[in-house]
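Enquirer: Pasting in a structure now, in structure tokens, and then I'll have a few things to ask.
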Amino acid sequence: MSRVVVFDYGSGNVRSAVRALEHVGADVELTGDRSTALAADGLFVPGVGNFHACMAGLRAADGPAVIDLRLSGGRPVLGVCVGMQVLFDGSDEPSGSPQEGLGEWPGSVSRLKAEVVPHMGWSDVDVAAGSTLFAGVESERFYFVHSYAVQAWTLEEPTGAFAAVAPKVTWADHGGRFVAAVENGPLCATQFHPEKSGDAGLSLLENWVRSL
């Protein structure tokens with residue numbers, strides 16, 4: 001049984017994530033303890049609310065160092081919702097105390113251009129070819145709740161022998177295309193909430209847990 005830590009750094013109610021991961025067979029612990037988070041087979045990084053508040057909470061819990069150390073050792077991390085957004089360089093979301101993102105991927109989070117914001121509800125996704133995260137649920141809909149997103153993928157794609165390990169980017173649309181998920185070696189992320197996406201979300205989480 002894979003051991004998964006849901007990283008507890010004060011970002012809202014994450015009990016639904018714990019229950020969903022337990023449902024798909026993981027041994028789950030909700031904790032902000034650095035050593036436990038480093039030792040787990042998988043680290044689930046949640047995030048709800050304001051980008052800058054989430055980054056401040058992560059920094060207070062030594063989250064950036066935990067994530068960096070895990071990735072440097074090839075140990076899986078899954079970021080969800082704002083937990084995905086913080087993996088980029090930054091956000092133009094208003095804040096009295098703006099914070100830089102983790103910079104694992106280049107790019108910035110910006111407000112959706114749709115007439116109705118927030119984007120709240122079920123949406124189709126355009127799944128990247130060869131995705132393992134979405135295996136078996138390529139045609140399913142997932143549950144989104146957000147006003148901001150990454151709307152351009154700017155990481156230079158590798159060519160030649162390294163093309164096979166290029167990040168797999170999945171897209172969705174709400175007033176324009178935005179990044180819905182990324183699979184990049186040990187680092188994966190979704191803008192939607194898999195733990196709130198019914199059977200499709202559970203299948204996606206099961207795919208991730210099986211890969212640990």
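The values are calculated or read from the model by the stated rules, or taken from the named source; none is laboratory data. Model, not experiment: these values are computed from the prediction. Here Cβ is always computed from backbone atoms with ideal geometry, including for glycine, and neighbour counts include all displayed protein chains. We work out accessible area using only protein heavy atoms, side chains counted, and drop any ligands, DNA or RNA first. Shrake-Rupley method; radii C 1.70, N 1.55, O 1.52, S 1.80 Å.
Enquirer: Could you work out how far apart the two model spin labels at VAL145 and MET1 are, taking each label as a point 7 Å from the Cα in the direction of the beta carbon, and quote it in nm?
Expert: Rounded to a tenth, the inter-label distance reads 2.8 nm.
Enquirer: Let me ask something else about it. Across segment 115-120, in residue order, what do the Karplus-derived ³J(HN,Hα) couplings come to in whole Hz, using 6.51 cos²θ - 1.76 cosθ + 1.60 with θ = phi - 60° and x for Gly and Pro?
Expert: 5, 10, 9, x, 7, 9
Enquirer: Three principal axis extents, largest first, for the C-alpha atoms of the chain, in Å?
Expert: Its Cα atoms span 42, 42, 38 Å along the three principal axes.
Enquirer: Fully extended, how many nm does the chain gain between ALA39 and LYS113 (0.36 nm per residue separation, minus their Cα-Cα distance)? Please report the intermediate quantities before stating the final value.
Expert: On the way: separation 74, 0.36 × 74 = 26.64 nm, distance 4.04 nm.
Extra length from ALA39 to LYS113 when fully extended: 22.6 nm.
Enquirer: Given charges of +1 on the Cβ of Lys and Arg and -1 on the Cβ of Asp and Glu, with all other atoms neutral, how large is the dipole of the chain about its Cα centre, in debye to the nearest 20? Walk me through the intermediate numbers first.
Expert: Numbers: 14 positive and 25 negative charges, 42 e Å.
Approximately 200 debye in magnitude.
Enquirer: May I pose another question? Restricting to the chain, compute how many DSSP beta bridges are antiparallel as a %, nearest 5.
Expert: Details: 20 of 37 bridges.
So the antiparallel bridges amount to about 55 percent of the total.
Enquirer: With contacts defined as alpha carbon pairs under 8 Å and 6 or more residues apart, what's the relative contact order of segment 20-156 in percent?
Expert: Computed over segment 20-156, the figure is 20 percent.
Enquirer: So, one more: Could you tell me whether segment 136-212 comes out rounded, prolate or oblate from its Cα gyration tensor? Rule is a ≥ b ≥ c as square roots of the eigenvalues, rounded for a/c under 1.5, then prolate if a/b exceeds b/c, otherwise oblate.
Expert: Values: a/c = 2.30, a/b = 1.21, b/c = 1.90.
It comes out oblate by the Cα gyration axes.
Enquirer: Which value, in debye to the nearest 20, describes the size of the charge dipole of segment 164-208 about its Cα centre when Lys and Arg Cβ atoms bear +1, Asp and Glu Cβ atoms bear -1, and nothing else is charged?
Expert: On the way: 3 positive and 5 negative charges, 35 e Å.
Here segment 164-208 has a charge dipole of around 160 debye.
Enquirer: Shifting gears a bit: Apply the Karplus curve 6.51 cos²θ - 1.76 cosθ + 1.60, θ = phi - 60°, to the phi angles in segment 195-204 and return the couplings in whole Hz, x for Gly and Pro.
Expert: 6, 10, 9, x, 4, 4, x, 5, 5, 5
Enquirer: Assuming 0.36 nm per residue, please report the length gained on full extension of the stretch THR159 to ASP124 beyond their Cα-Cα distance.
Expert: On the way: separation 35, 0.36 × 35 = 12.60 nm, distance 2.93 nm.
Between THR159 and ASP124, full extension yields 9.7 nm more.
Enquirer: Taking 7 Å along the Cα-to-C-beta vector as the label spot, tell me the ARG19-ASP92 distance in nanometres, rounded to one decimal.
Expert: So the label points at ARG19 and ASP92 sit 3.8 nm apart.
Enquirer: How large is the accessible surface per residue of the chain, computed with a 1.4 Å probe and reported in Å² as a whole number?
Expert: Details: 9290 Å² over 212 residues.
Per-residue accessible area for the chain comes out at 44 Å².
Enquirer: Turning to a different aspect of this structure: What part of the accessible area of the chain, given as a whole %, is carbon or sulfur when the probe is 1.4 angstrom? If you can, show how the numbers build up before the last one.
Expert: Values: 4530 of 9290 Å².
The C+S portion of the solvent-accessible surface of the chain is 49 percent.
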